[in-house]
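Working notes, structure below.
The values are calculated or read from the model by the stated rules, or taken from the named source; none is laboratory data. Computed from a prediction, not measured in an experiment: that's the story for all the values here. Ideal geometry is used to build each Cβ from the backbone, glycine not excepted, and the neighbour counts take in all protein chains shown.
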Amino acid sequence: MTKRKPTLLLCLLGFLALGEGCAKHSDTIHLAQFLTDPILISKLDNVVADIEKRHPGLHIQVDNIPYNEYQQKLTTQLAGGNAPDVIFVEVNNFVDLYLRDALEDLTPYCQRDGMDLKGYYDGVAHRFSPGGKIYAIPQDTAPSGLIYYNRKFFRDAGLPYPKDDWTWPEPFLSICQKLTQKDAKGQITRWAFADAYSTQYENFVFGNGADYVDNTDHPTRLTLDTPAALEAITFRWALIQAYHVSPDPSQIQTASLANGQMDMFLNGQVAMLCSGIWQTPRFLEKKDLDFDVVEFPHGPHGGKGWGTGGSGYAMSKSSRNKDLAWLVIKEMTSATSVSQLAGTGMIQPALMSLADSDVFLKAPGADHKAILLEMPQYSHYQPFMADWNEIFFGVLTPALDPCWLGTKTPVEVIPQVTQQINQKYFNNKK
């Protein structure tokens, strides 16, 4: 017996080493990603290569799927029993995967390794921990309440640069009117304000103390027909149809040749653009673009809020090598790995200490990007429910399209569509 103890001990140590640092020569972990930016893809390749170097024998097979195909492909893989071991999740597509019971509870792994989410921004940590159990480790957070503004246009209009305590309707509206430019025929050649994607109104709603639903975690009804929400949406409509300081969808398509509002900002056709930190490198490429960032204007009563993104890594419940998958998740979300991505200036680390460091703050970007450090606490997430994409894209967005085009007003649309959605999707919720 005494002669066998060293052999048994070595075997146990070898097993532990496999889980923590050494992989078998044939160990492959499949990781699904949806990154499309060449800069981030290149950095991700470096991160993966570094992880493999630290763990000889480990191979991480990255399957990079376009975002618009990502959820459908994952769903198909899950149904076929060949889902990837590790899944890169965004705060919204995470909800669908969680509700499908596709993700492994990572709580036991975190407890085993003495890991918790206390050092992460509360919002994204909470999003990935429904019911108090951890299902994804955050990588980044992404408040979409940044206003990129062209400093030259402000100087030309004799306007001081905006400050983070500005509000709507004033002085935001007056600033927009002074920034809007017309030619000799009265045609608008530069709009004051646009959203990066389609026409959005949620930041006005959040800043006015309202939200899409009554409870984000456990929604029981749509609340866009409240006076505060309706006031906010009507103001967003008025910027387009009453004050003509923001383009409607048809004007965006004509002005940008369908290339979008980001190009309009780059080309000087828009003075202010609402988006998130991920736009920065693209704007930096245009050397003569003098821009900075400021918080989205606060609501009439001083409130502030904005939508958000964010991402992290989860484990498929069907993974056949969960200990190794967990190792990969820990490595992908480590400060060492996330630092490489944060250094591009495109992502804000979800780990607060890393966000509040030179890694992020001195990465290429706007002069006042440090405002992002406090912004996550005012971020609003989409409702945690299976039908939200269907509600938002299938019902709500088409209903509001005529408003942005000027054939209807929010007052004519919002009460009716809110009632319709509540009857169909929330009738049995309590």
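Data table
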quantity	calculated
Filter result for the condition that a residue is touching a residue at least 12 places away in the same chain (Cβ under 8 Å) and on the phi > 0 side of the Ramachandran plot, over G299, G310	G310
Yes/no for P56 being touching a His at 6+ places or on another chain (Cβ under 9 Å), more than 27 Å from D217 (Cβ to Cβ) and crowded, with 18+ Cβ neighbours inside 10 Å	no
Unique match (being modelled with pLDDT of 95 or more and not in a helix (DSSP H, G or I)) among L324, L289, L354	L289
Within the range 267-290, considering residues that are closer than 25 Å to G186 by Cβ and not polar (S, T, N, Q), the one farthest from the chain's Cα centre (by Cα)	G268
Members of the range 129-156 found to be hydrophobic (A, V, I, L, M, F, W, C) and under 26 Å from Q200 (Cα atoms), listed by number	A142, L146, I147, F153, F154
Selection from the range 121-180 of residues that are among the small types (G, A, S) and in a strand (DSSP E or B)	A142
The range 211-231: number of residues that are in contact with a Phe, Trp or Tyr (Cβ under 9 Å, 6 or more places away or on another chain) and under 18 Å from Q416 (Cβ atoms)	8
Test for Y121: is it over 30 Å from Q269 (Cα atoms) and either at pLDDT below 95 or touching an Asp or Glu at 6+ places or on another chain (Cβ under 8 Å) (or both)	no
Unmet criterion (only one of (1) touching a Leu at 6+ places or on another chain (Cβ under 7 Å); (2) farther than 23 Å from T407 by Cα; (3) in a loop (DSSP other than H, G, I, E, B)) for T220	(1)
Only one of I39, I87 that is surrounded by 13 or more Cβ atoms within 10 Å (Cβ to Cβ), aliphatic (A, V, I, L, M), part of a helix (DSSP H, G or I) and under 19 Å from the mean Cα position of the chain (by Cα)	I39
Matching residues in the range 399-410 - criterion: being within 14 Å of T234 (Cβ to Cβ) and surrounded by 14 or more Cβ atoms within 10 Å (Cβ to Cβ)	L400, C403, W404, K408, T409, P410
Residues of the range 42-68 that turn out to be under 17 Å from the mean Cα position of the chain (by Cα) and without any contact (Cβ under 8 Å) to a residue 24 or more places away in the chain, as a count	1
Some residue of the range 167-181 being in contact with a strand residue (DSSP E or B) (Cβ under 8 Å, 6 or more places away or on another chain) and without any contact (Cβ under 8 Å) to a residue 12 or more places away in the chain	yes
G307 vs. criteria within 26 Å of L74 (Cα to Cα) and surrounded by 24 or more Cβ atoms within 10 Å (Cβ to Cβ)	no
Breaking point among (1) on the phi > 0 side of the Ramachandran plot; (2) part of a loop (DSSP other than H, G, I, E, B), for D116	(1)
